[in-house]
1. Rounded to a whole number, what % of the accessible area of segment 18-57 do carbon and sulfur atoms account for, probe 1.4 Å?
2. Seen from all sides and averaged, what is the projected area of the convex hull of the Cα atoms in the chain, in nm²?
3. Can you give me the accessible area per residue for the chain, using a 1.4 Å probe, in Å²?
4. Summarise the accessible area of segment 130-179 (1.4 Å probe, protein heavy atoms) by the percent that is carbon and sulfur.
5. Run the helix sum for the chain: -39,500 (n - 2.57) per DSSP H stretch of 4+ residues, divided by residue count, reported at 222 nm to the nearest 500 deg cm²/dmol.
6. With N denoting the number of residues in segment 1-45, provide Rg(C-alpha) divided by 2.2 N^0.38 Å, to two decimal places.
7. Post the alpha-carbon centroid distance, segment 102-141 to segment 149-190, in whole angstrom.
8. Pick from Thr222, Thr52, Thr210: which is most flexible by mean-square fluctuation in a GNM of the chain where alpha carbon atoms under 10 Å apart are linked?
Amino acid sequence: MAPPRSFLWSRRIFLTLLTGFVLVPVYVMVSSSLKPLADVTGAFRWLPTELTVRPYIDIWSTVPLGRYFVNSLIVAGAATVCSVVIAVFSAYAVSRYSFRGKRVFTVTVLSTQMFPGILFLLPLFLIYVNIGNATGIALFGSRGGLILTYLTFSLPFSIWMLIGYFDSVPRDLDEAALVDGCGPLGALFRVVVPAAVPGIVAVAVYAFMTAWGEVLFASVMTNDTTRTLAVGLQGYSTLNDVYWNQIMAASLVVSVPVVAGFLLLQRYLVAGLTAGAVK
């Protein structure tokens with residue numbers, strides 16, 4: 001039975017409004033990034049009177065954007081790799097083995113997502129400072145400390161999500177691998193991990209996006225040398241002026257890796273989220 005015409009028109013209108021709601025800010029950002037600063041700070045025009053690519057050139061010299069870019073790649077990449085590796089082993093153990101405290105562990109991992117991030121800011125700051133004073137290991141103001149910080153947020157969700165995905169992989173595959181002579185690790189890497197690629201990709205994308213765009217901890221746990229992109233964009237706002245066209249240009253450049261990665265891995269991400277959510 002075909003849906004009523006009123007429903008079709010309502011859906012079209014809603015989707016049109018939703019598309020405009022999403023695309024209008026993107027258009028304003030792109031057009032502002034191609035305008036001279038005087039045009040951006042003046043009266044807003046939908047159609048630019050003058051187009052220039054100068055903001056895309058100046059963004060690299062106004063602030064050390066290249067260094068911030070490298071810091072973000074290192075921190076987000078390392079946090080993603082560590083989160084995926086630890087989550088794979090942890091989720092496999094919870095999914096395939098029974099042990100005392102299994103349910104407590106699972107509930108504890110999931111319950112950490114209920115607390116706001118700012119609640120952990122001061123404790124982590126004090127822990128890093130005290131560790132540095134006691135051992136000389138500089139966690140505060142370093143990339144390593146920021147990576148550990150991001151693991152506290154991405155790892156619990158990654159473990160919980162992979163547990164659901166590993167539960168959907170038939171145990172018969174593990175048993176067949178064990179019969180063929182594989183050990184537990186062999187069964188994990190040769191059978192379970194290839195079957196769970198969509199879920200692992202979804203976890204990797206989540207961990208990377210969490211680390212790439214995080215601002216609160218990066219603004220406190222870093223210095224001028226280890227600052228990341230999300231915090232470095234504040235450098236385009238000075239006491240004398242705000243370089244709006246460069247802010248828009250830098251924001252577009254910063255979003256390219258995340259958008260490109262999401263588009264390339266979209267089919268894996270959707271499959272991993274849906275399979276991991278339903279057992």
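The values are calculated or read from the model by the stated rules, or taken from the named source; none is laboratory data. Only a predicted model underlies this, so the values are computations on that prediction, with no experimental measurement involved. SASA here: full protein model, heavy atoms, side chains in, ligands and nucleic acids out. Shrake-Rupley method; radii C 1.70, N 1.55, O 1.52, S 1.80 Å.
1. Details: 2040 of 2760 Å².
Summing carbon and sulfur atoms, their accessible area is 74 percent of the total for segment 18-57.
2. That works out to 22.5 nm².
3. The answer is 58 Å² per residue.
4. Numbers: 1550 of 2380 Å².
Summing carbon and sulfur atoms, their accessible area is 65 percent of the total for segment 130-179.
5. Working: 14 runs with 198 residues, N = 279.
-23000 deg cm²/dmol, from helical runs alone.
6. Computed over Cα atoms of segment 1-45, the ratio equals 1.87.
7. What the calculation gives is 26 Å, centre to centre.
8. It is Thr52.
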